[in-house]
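The structure under discussion appears below in the form of structure tokens.
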Amino acid sequence: MAKFITSQENPEEHGKALGFVQKYQETKKENSVDAQFFSKEAMQKLIDHPDFYAAKLHHGRLEDGSRTIIFEGLAANGESLNSFIVDGPACPPCCELPVF
């Protein structure tokens, strides 16, 4: 089951989550994507689908070979809602908070 963690409510688990990110960054291949940005508006549209139950995050590759993440909306029975969030700016190269 996915967990929602805050530093205030569960500092130990929060630190563990940050450790996962740090371990990836220490062992990643050169020119790998560290993170990707997605707007609240795009996520809200996915969540507002009347049959939304969960999101599945897919790892993908763009035409240029770079990695990306794609959110897919799912119904309670696990079927796709055919609703996706794509094209979030990647870090690097865009590591400053983008304007959406």
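Computed values, structure above
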{"quantity": "Those Cys residues of the chain for which no other cysteine Cβ falls under 4.7 Å", "calculated": "CYS94"}
{"quantity": "Dipole in debye (nearest 20) - the chain, about Cα centre, beta carbon charges: Lys, Arg +1; Asp, Glu -1", "calculated": "220"}
{"quantity": "Estimated 222 nm signal from helices in the chain, with DSSP H stretches of n ≥ 4 weighted -39500 (n - 2.57), rounded to 500", "calculated": "-8000 deg cm²/dmol"}
{"quantity": "GNM top mover of HIS49, HIS59, HIS14 - the chain, alpha-carbon springs below 10 Å", "calculated": "HIS14"}
{"quantity": "Contact order normalised by residue count of the chain, Cα under 8 Å, 6+ apart, percent", "calculated": "25"}
{"quantity": "As computed over the stretch 26-79, the Cα convex hull volume per residue (Å³)", "calculated": "114"}
{"quantity": "Computed Rg/Rh of the chain, alpha carbon atoms with Kirkwood Rh", "calculated": "0.99"}
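We did not get these values from a lab; they are worked out from the coordinates using the rules stated. These figures come from a predicted structure and were not determined experimentally. For neighbour counting, all protein chains shown are included, and Cβ atoms are generated from backbone atoms with ideal geometry for every residue, glycine included.
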